[in-house]
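Trainee: I have a structure I would like to understand better, so I am pasting it below and will then ask my questions one at a time.
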Amino acid sequence: GSGGAGAMAEGEGLVSVDYEVFGRVQGVFFRKYTQGEAKRLGLVGWVQNTSHGTVQGRIQGPPARVRELQEWLRKVGSPQSRISQAEFSNEKKITALEHKDFQILK
């Protein structure tokens, strides 16, 4: 069979989703690796440490790529990290990216 779901069209739109990752995720280069993975996937947004020991941020891009980074945040992380859970919220469709790259915020 032909047709259907093969095409990675730009027409599938863009999504924005916020995330927070719990566990041992500070002081283990988690932000640097997240930025690298996001850039590899062509996503934009940001990542930062919080005052309560988690890492949070936002991802924006094509839905399939965003899903890949969500899986990465849930299961992989940086080599020395220990992720206990990742929570995603505020998922919404957007018409244009609100960030021009993926930044590490202090």
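FYI, it's all coordinate maths here, none of it is from the lab. Computed from a prediction, not measured in an experiment: that's the story for all the values here. So basically every Cβ, Gly included, is an ideal-geometry build from the backbone, and we count neighbours across all protein chains shown.
Trainee: Check the chain and count each lysine pair with an alpha-carbon distance under 25 angstrom, considering only pairs eight or more places apart or from different chains.
Mentor: Summing the qualifying lysine pairs gives 12.
Trainee: Put a dot 7 Å past each Cα toward the Cβ at Glu87 and Lys106; how far apart are the dots in nm?
Mentor: In this crude spin-label approximation the distance works out to 2.8 nm.
Trainee: Nearest 10 degrees, 0 to 90: what angle lies between the long axis of helix 63-75 and the longest principal axis of the chain (Cα atoms)?
Mentor: Roughly 30 degrees between the two axes.
Trainee: Here's something else I'd like to know. Helix 30-41: angle to the longest alpha-carbon principal axis of the chain, degrees 0 to 90, nearest 10?
Mentor: The two axes meet at around 10 degrees.
Trainee: So if I take the centroid of the Cα atoms in region 76-106 and the same for region 37-74, what is the distance between those two points in Å?
Mentor: When both Cα centres are located, 2 Å separates them.
Trainee: Sequence gap at least 6, Cα distance under 8 Å: using those rules, report the relative contact order of the chain to the nearest whole percent.
Mentor: Rounded, it is 42 percent for the chain.
Trainee: Give, in nm to one decimal, the length gained when the segment between Ile94 and Arg67 is fully stretched (0.36 nm per residue of separation minus the Cα-Cα distance).
Mentor: 8.2 nm
Trainee: A further question on this structure: Consider all pairwise Cα distances in the chain and report the whole-number % of them above 23 Å.
Mentor: Value for the chain: 25 percent of Cα pairs lie more than 23 Å apart.
Trainee: What is the sum of charges around Glu91, taking Lys and Arg as +1, Asp and Glu as -1, for the other residues whose C-beta is under 13 Å from the C-beta of Glu91?
Mentor: Neighbour charge sum, excluding Glu91 itself: +2.
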